[in-house]
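Trainee: Okay, handing you the structure first.
Only the coordinates and a few stated rules stand behind these numbers; no lab work does. Predicted model, so just to flag it, every value in this text is computed and none were measured. Note that each Cβ is placed from the backbone with ideal geometry, even for glycine, and that neighbours are counted across all protein chains shown.
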Amino acid sequence: MTTTITLTGAGGQIGYALLFRIAAGDLLGPEEKVRLRLLEIPQGLGAAEGAALELQDGAFGLLEQVEVTDDPAVGFDGADLALLVGARPRGPGMERGDLLAANAGIFGPQGAAIAAHAADGVRVTVVGNPANTNALIAAASADGVPAERFSALTRLDENRARAQLAQTLAVPVDTVRRVPIWGNHSATQFPDVSHATVAGRPVTEALETIVGDVSVWLDETFIPRVAKRGAEIIAVRGSSSVASAANATIEHVRDWVHGTDDWTSAGVVSHGEYGVPEGLISSFPVRAVDGEWRIVEGLEVSEWARSRIDASVAELTEEREAVRALGML
Ligand code: NAX
């Protein structure tokens, strides 16, 4: 079988890190052939074409075809999976409203092109920021494609949270499980350790002997560290997260397609779960079953967690209102 994958922003940094892993089979496994459609804006075509030449030189057995285009109708043609990575970054002096409007101008038409040209079962992952609201705009513009087929990346935040816990507890990262991200992929996000386990034991219990007052550590150290990790990477590296973002994107899409054996996090459409207003694309604890994200329901939410979730969801509501006020939703 061959899967058609459309990558927007293919000439950018994350695009470059993603392409070779997809071609090597990291996304869909060693049996599934892939056809890549690289969608860019005219200024990014050269970089995408260069990446396509390098893909050719990789002589990847799974890679059937690579097409580079700046036409969304061609780019999304027959797409089974769409990875929307290209976005407008915040420029100097740009207000939040300007950023939302600029991105609505990208994700609205892309949503419409997906509805018109992609394969029937298309699944869309939005990485480009502001990821949750961009996903909302794309979904709203994709007539006839269920909103459940759109999701926003918060897996990088979850991976950062699990890695911080593993480092603090001095344990292998894969023993730390169930650390969902709630809300927006932004500084208001809530990485939640309430139900997390380390080698089967509650993380909060394991933390007590190491950090002392766990709630103070969570509020003052852990949550800010995870929420501001992107800024930390920029400060240290001189450039934003790239390979870790590509890795999280691979894990997100692979899990969506192949299923999960435990919880993970993704920005998915709310049907009112946990009091999140219907229609928002908010991050939740999720499982992937039969190619669909399923929100993990029935979890106990403490008053403290509730206030954290509410604050991030309030920001998502404001973003939706701002886009509506611009007449773009
Ligand atoms: P780059 O600036 O390196 O690349 C972006 C590429 O997108 C450029 O080549 C540009 O020409 C292209 N592009 C812009 N508008 C386009 C359009 N309408 N159609 C197709 N292509 C278009 O950024 P990069 O470092 O690759 O980051 C990409 C996006 O990921 C940014 O919005 C960034 O903020 C976001 N991130 C999201 C993360 C997440 O966890 N959700 C984490 C990493 C990253 O910060």
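Trainee: Dipole of the chain, Cα-centred, from +1 at each Lys and Arg C-beta and -1 at each Asp and Glu C-beta, to the nearest 20 debye?
Mentor: Here the size comes out at about 480 debye.
Trainee: Using the Kirkwood radius over C-alpha pairs as Rh, can you work out the diffusion coefficient of the chain via Stokes-Einstein at 4 °C, viscosity 1.567 mPa s, in µm² per second?
Mentor: Estimated diffusion coefficient is 64 µm²/s.
Trainee: Could you give the distance between the Cα centres of region 65-125 and region 153-230, to the whole Å?
Mentor: Measuring centre to centre over Cα atoms gives 32 Å.
Trainee: With labels modelled as points extended 7 Å from the Cα through the Cβ direction, what inter-label distance (nm, one decimal) is found for Glu318 paired with Glu220?
Mentor: Computed distance between label sites Glu318 and Glu220 equals 2.6 nm.
Trainee: Order these by the 10 Å Cβ neighbour count, fewest first: Ile22, Ile281.
Mentor: Values: Ile22 25, Ile281 31.
Ranked by crowding around the Cβ, least crowded first: Ile22, Ile281.
Trainee: When the chain is treated as a GNM, springs tying every alpha-carbon pair under 10 Å, which of Glu273, Glu67, Glu205 comes out with the largest mean-square fluctuation?
Mentor: Glu205
Trainee: Below 8 Å, C-alpha to C-alpha, sequence gap of six or more: please give me the relative contact order for the chain in percent.
Mentor: Reported relative contact order: 17 percent.
Trainee: Using the Kirkwood radius over Cα pairs, work out the Stokes-Einstein diffusion coefficient for region 98-178 at 10 °C and 1.306 mPa s, in µm²/s as a whole number. Spell out each step's value before the answer.
Mentor: Details: Rh = 14.2 Å.
Rounded to a whole number, D works out at 112 µm²/s.
Trainee: Report the residues of region 244-277 in range of a label on Ala163: point 7 Å along Cα→C-beta, backbone N strictly under 17 Å from it.
Mentor: Output list for this probe position: 244-252, 265.
Trainee: If the label point is 7 Å along Cα→Cβ of His258, which residues in region 1-23 have backbone nitrogen under 13 Å from it?
Mentor: Only 22 pass the distance filter.
Trainee: Does region 155-320 classify as rounded, prolate or oblate by the C-alpha gyration tensor (a ≥ b ≥ c root eigenvalues; a/c under 1.5 gives rounded; else a/b over b/c gives prolate, otherwise oblate)?
Mentor: Rounded shape, in that the Cα axes give a/c under 1.5.
Trainee: First select every other residue whose beta carbon is under 14 angstrom from the beta carbon of Phe222; then total the charges, Lys and Arg +1, Asp and Glu -1.
Mentor: -2
Trainee: Now for a separate question. Please arrange Ser282, Ser244 by counting, for each residue, the other beta carbons lying within 10 Å of its beta carbon, fewest first.
Mentor: Working: Ser282 29, Ser244 18.
Ranking Ser282, Ser244 by Cβ neighbours within 10 Å, fewest first, gives Ser244, Ser282.
Trainee: Further, regarding this structure: Where Lys and Arg each count +1 and Asp and Glu each count -1, what net charge lies around Gly46 among other residues with Cβ under 12 Å from its Cβ?
Mentor: Around Gly46, the charge tally is -3.
Trainee: Now for a separate question. For Ile234 and Asp70, FRET efficiency with R0 = 35 Å and r from the beta-carbon atoms, rounded to 0.05?
Mentor: 0.80
Trainee: How far apart, in nm, are the 7 Å Cα→Cβ label points at Glu303 and Leu326?
Mentor: A separation of 3.9 nm, rounded to one decimal place.
Trainee: Debye sum, Cα scatterers, region 2-152, no solvent: what log₁₀ I/I(0) at q = 0.22 1/Å?
Mentor: Debye curve over Cα of region 2-152, log10 I(q)/I(0) at q = 0.22 Å⁻¹: -1.41.
Trainee: For every helix of n ≥ 4 consecutive DSSP H residues, a contribution of -39,500 (n - 2.57) applies; sum these over the chain, divide by its total residues, and give [θ] at 222 nm rounded to the nearest 500 deg cm²/dmol.
Mentor: Using -39500 (n - 2.57) per qualifying helix, the result is -13500 deg cm²/dmol.
Trainee: In which sequence would Arg90, Arg96 go, from the one with the fewest C-beta neighbours within 10 Å to the one with the most?
Mentor: Neighbour counts put them in this order, fewest first: Arg96, Arg90.
Trainee: Can I ask one more? Based on DSSP, what percent of beta bridges with both residues in the chain are antiparallel, to the nearest 5? Walk me through the numbers before you get to the answer.
Mentor: Working: 18 of 42 bridges.
Looking only at bridges with both residues in the chain, the antiparallel portion is about 45 percent.
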